[in-house]
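The values are calculated or read from the model by the stated rules, or taken from the named source; none is laboratory data. None of the values given here were measured: they were computed from a predicted structure. Glycine also receives a Cβ, built like all others from the backbone with ideal geometry; neighbour counts cover every protein chain displayed.
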Amino acid sequence: MKMQSASPSWLPPNAAAHGFAMDHLMRWNLAVLGLCFLIAHALLFILLLRRSKSSTGSPVPRSWMVQVVPIVLFAAIYLTMAITAERLWASKRFEGAAPQSMQVEVTGRQFQWYFRYPGTDATFGRLDPSLIQPANGNPLGINPADEHGKDDIVASELVLPVGREVDLTLRAQDVIHGLFIPAMRLKQNAVPGQLLHVHFTPVAEGTYPIVCSQVCGLGHARMQARLRVIGAGEFKAWLASKEAAR
Amino acid sequence: MSWLRRHVFTTNHRSVGLLYLALVAIAVAIGVVLSLLMRIHLAWPALCFPGWGVMKPEDYLALVTIHGTLMVFFVLTIGPQNAFPSLILPGQIGAKGMAFPALNAVSLWMTALSLFVLLAAFLVPMGAPISGWTSYPPLSAIAAAGPGQALGMDCWLLSLAIFAVGQIFGAINILATIIDTRVKGMTLGRMPLTVWSWLISSTLVLPAFSVLLAALVLLFCDRHLATSFFVPLGDAVAGHVIRYGDGSPLLWLHLFWFFGHPEVYIAILPGMGLASSLFANFSRRPVVGYKLMATMTVAIGLLGFLVWGHHMFVSGMNPYAGTAFGLTTMAIAIPSTIEVLSWMGTLWAGSKRRGGLILKTPMLFALGFLSFFIAGGLTGPILAQPALDIYLHNTFFVVAHFHLIMAMAGAFSLFAGVYYWFPLITGRRMNETLGRFHFWFTLIGAYGTFFPMHLQGLAGKPRHYADLTGPAASLLPNLLPSERGITFSALLLAASQTFFLVNLIWSALRGLKADANPWQATTLEWRPSSEEELKLIRHGPYEYDVAWTESDFIPQWAEGGDQE
């Protein structure tokens, strides 16, 4: 059991390529706003404790410095935050994954995550909700009439090779679920009737928790899985073993 | 019988206001008990509750759902938005009562009925709903999706539908009262900022609760009339496949949050107006930038309708929309910051007067409101940014944020209002020593409860988890000690309210007799009833620190004046 390094911002260790920029943004935002919190409260306490012997000067601050400068200062802080954060958001979400990225489909179902790999033909087989039968080994309802589905691999853990971009396609069978992988700094709802995409690149080998972040019923808290990030060679071997086991 | 007719089955605005406060008291008491049950379970997951056993995950989710619904609607909405206006608004604008007294009573009894229907959800087969106060479909649309999603969910829908109609009636009444029944001379520029807040919050209620009502009706149709507004074709819940229609769960999110975000401003704007008035009163200084404050209240109201998408950054909404909603949300930080700066300015001016700020209990609670408004407000700019929110969404960071900015700020403004207006209603003052104990213990309990939740959220702890076990347990290696610290603080927070209850009862019976205007306030509700009928007012709402009078203030009802 690896000891978690004590991070000043309490975030779990990041293991995704885009996460370093996000952590940096989070830390300086927390630092600036935390400082504002402390200054405001120090000021409040000074005002509480201040006891003038006699009323002094102009009672209400009227000078331009006092009235306008703080507003401009705060507007500048908010604007800087908005611009830096929007640039990061745009770089992460405005473009899809690269064409050569790995394809994995994630399906949420009360109360289980399923991860489907397209197999050797690199194409997912068609799904039919009426064929969903977890007890008979077809939890996703893969249609046996579709050739593309024959080599699909369905796993209950997400296994990814380190350093390669992955394009996740999110589905939900029944209700809204939330795919949350804290170490990948990633959260996206899986919505029934919609196909949603998120992409990221894991950069550190290890095993990370996957949780459901959108309340989905009585088993919501146990709707968890593991993400295993392994070396490229090991990943090839894992995929081969899964194909052999079909 | 005659007592009942005078104080309960009446259209008198003060009696209706007090009954609204009684509903708040019932709802907050139940809501607090539910939250303590959750907190105790989180700190001691294996604990066996006498007569109930170990808390099951579905029980926990039912508690979350009813706790949230009670607190948001029946405490933080009807307290500031219905109880206080019924009690105070007519007095503050020199009216004899609400514009439509009977309608006011109708809203009250609809709200009471709606509370009854909501609580009935605990008693129906399978119990209360488990989908949270936001009730996202398909979980809320299909009875088979979970326990409590059958009859319990119908109770929730019916309760909120009745509540929404009651709110719409209430808002129409407040708007008509403010627009139509102000005493001569009470121009817009002389209205106290509380009245400005009720004007704006009631304007928000009309579209917000109308949209909520529509969404509730659509969801009801999906559940019972085989429509498909929110359920997609091929949705497979518990082995049953939906084979008709093709709706979108995202539509509910849009409708719900189009209501839900203005709703938080409906809950907090009246508190902001009250804080402005109390800071002026207990600083003996005019509100810094009165016109600016009124304008910012309007600005927050308008912007409040353009930010709902910041609840939906991870929902599957287009990422470009995420950018747009992120920017509108950052924009709303500016009027909010201006309000805080103005409050600070009033306090700064007051601290320079001889003797400094007057730290009576209502002022302490107003300062507590400001502290929470700052603490909860400052995490707003972080959650407003989609790039950061996609990590923090639905973690305890968000729970900390809205409990500080909405729940604690809202509760402290309710306390401030009760301590401040108690002499007006009862003719007696509340005890200052008990009030001070109440304030400090509540403040410490509240920060002890909600501040550590930021850290749990940063560590990745998700909401709506009865137990953090399995792979996710590695996120918080020291989970139980931190849960216990929070639970002890929550128990302290709840126990501190004993000071308030004792004070309330003791002061109502034995409290010091209050003068006609015990806080030397300027606004009209404090006008001695012995004076003859008010025909015309000539003064602004915050004429404190006036040099040429013997006292340091000119009440709005004073004769003369140079303000024409």
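When B:Leu414, B:Leu370 are checked against the criterion of being closer than 27 Å to B:Thr442 by Cβ, surrounded by 21 or more Cβ atoms within 10 Å (Cβ to Cβ), more than 10 Å from chain A (Cβ to nearest Cβ) and at pLDDT 95 or above, a single residue qualifies: B:Leu414.
Yes/no per residue for (1) at pLDDT below 95; (2) of a type in the set (Lys, Arg); (3) surrounded by fewer than 18 Cβ atoms within 10 Å (Cβ to Cβ):
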{"site": "B:Tyr419", "(1), (2), (3)": "no, no, no"}
{"site": "B:Pro423", "(1), (2), (3)": "no, no, no"}
{"site": "B:Asn431", "(1), (2), (3)": "no, no, no"}
{"site": "B:Gly435", "(1), (2), (3)": "no, no, no"}
{"site": "B:His438", "(1), (2), (3)": "no, no, no"}
{"site": "B:Ile444", "(1), (2), (3)": "no, no, yes"}
{"site": "B:Phe451", "(1), (2), (3)": "no, no, yes"}
{"site": "B:His454", "(1), (2), (3)": "no, no, no"}
{"site": "B:Leu468", "(1), (2), (3)": "yes, no, no"}
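Candidates are the residues of the stretch A:117-126 that are more than 14 Å from chain B (Cβ to nearest Cβ) and in a loop (DSSP other than H, G, I, E, B); the one that is surrounded by the most Cβ atoms within 10 Å (Cβ to Cβ) is A:Gly125. Considering only residues that are of a type in the set (A, V, I, L, M) and within 15 Å of B:Gln385 (Cβ to Cβ), look in the stretch B:279-316 and name the one that is surrounded by the fewest Cβ atoms within 10 Å (Cβ to Cβ). That would be B:Met312. Applying the criterion of being in a helix (DSSP H, G or I) and of a type outside the set (Ser, Thr, Tyr) to the residues of the stretch A:127-142, the residue that is farthest from the other protein chains (Cβ to nearest Cβ) is A:Asn136. For the stretch B:71-123, a residue qualifies if it is among the hydrophobic types (A, V, I, L, M, F, W, C) and part of a loop (DSSP other than H, G, I, E, B), and the qualifying residues are B:Leu76, B:Ile93, B:Ala95, B:Met98, B:Ala99, B:Phe100, B:Ala121, B:Phe122, B:Leu123. The single residue among A:Val198, A:Val154 that is more than 11 Å from chain B (Cβ to nearest Cβ) and either free of Cβ contacts under 8 Å to residues at least 40 places away in the same chain or β-branched (Val, Ile, Thr) (or both) turns out to be A:Val154. Pull up the stretch B:345-358, narrow it to residues that are under 18 Å from B:Ala416 (Cα atoms) and more than 7 Å from chain A (Cβ to nearest Cβ), then point me to the one that is nearest to the chain's Cα centre (by Cα). Checked the stretch B:345-358; the qualifying residue nearest to the chain's Cα centre (by Cα) is B:Thr346. Considering the stretch A:65-103, and only residues there that are closer than 30 Å to A:Arg164 by Cβ, surrounded by fewer than 16 Cβ atoms within 10 Å (Cβ to Cβ) and over 18 Å from the mean Cα position of the chain (by Cα), the residue that is farthest from the other protein chains (Cβ to nearest Cβ) turns out to be A:Gln100.
From the list A:Val203, A:Val229, A:Val215, the one residue that fits, being crowded, with 18+ Cβ neighbours inside 10 Å, under 16 Å from A:Ala15 (Cα atoms) and in contact with a strand residue (DSSP E or B) (Cβ under 9 Å, 6 or more places away or on another chain), is A:Val229. Within the stretch B:225-242, residues that are closer than 11 Å to B:Pro137 by Cα have Cβ atoms under 6 Å from residues that are acidic (Asp, Glu) and part of a loop (DSSP other than H, G, I, E, B) in these pairs: B:Pro232/B:Asp246, counting only partners at least 6 apart in sequence or on another chain. Evaluated against (1) touching a helix residue (DSSP H, G or I) at 6+ places or on another chain (Cβ under 8 Å); (2) in a loop (DSSP other than H, G, I, E, B); (3) over 21 Å from B:Leu61 (Cβ atoms), B:Pro477 falls short on exactly one condition, (1).
For (1) assigned to a loop (DSSP other than H, G, I, E, B); (2) within 13 Å of chain A (Cβ to nearest Cβ); (3) small (Gly, Ala, Ser), each residue gets a yes or a no:
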| position | (1), (2), (3) |
| --- | --- |
| B:Leu233 | yes, yes, no |
| B:His261 | no, no, no |
| B:Val264 | no, no, no |
| B:Ala267 | no, no, yes |
| B:Phe279 | no, yes, no |
| B:Gly301 | no, no, yes |
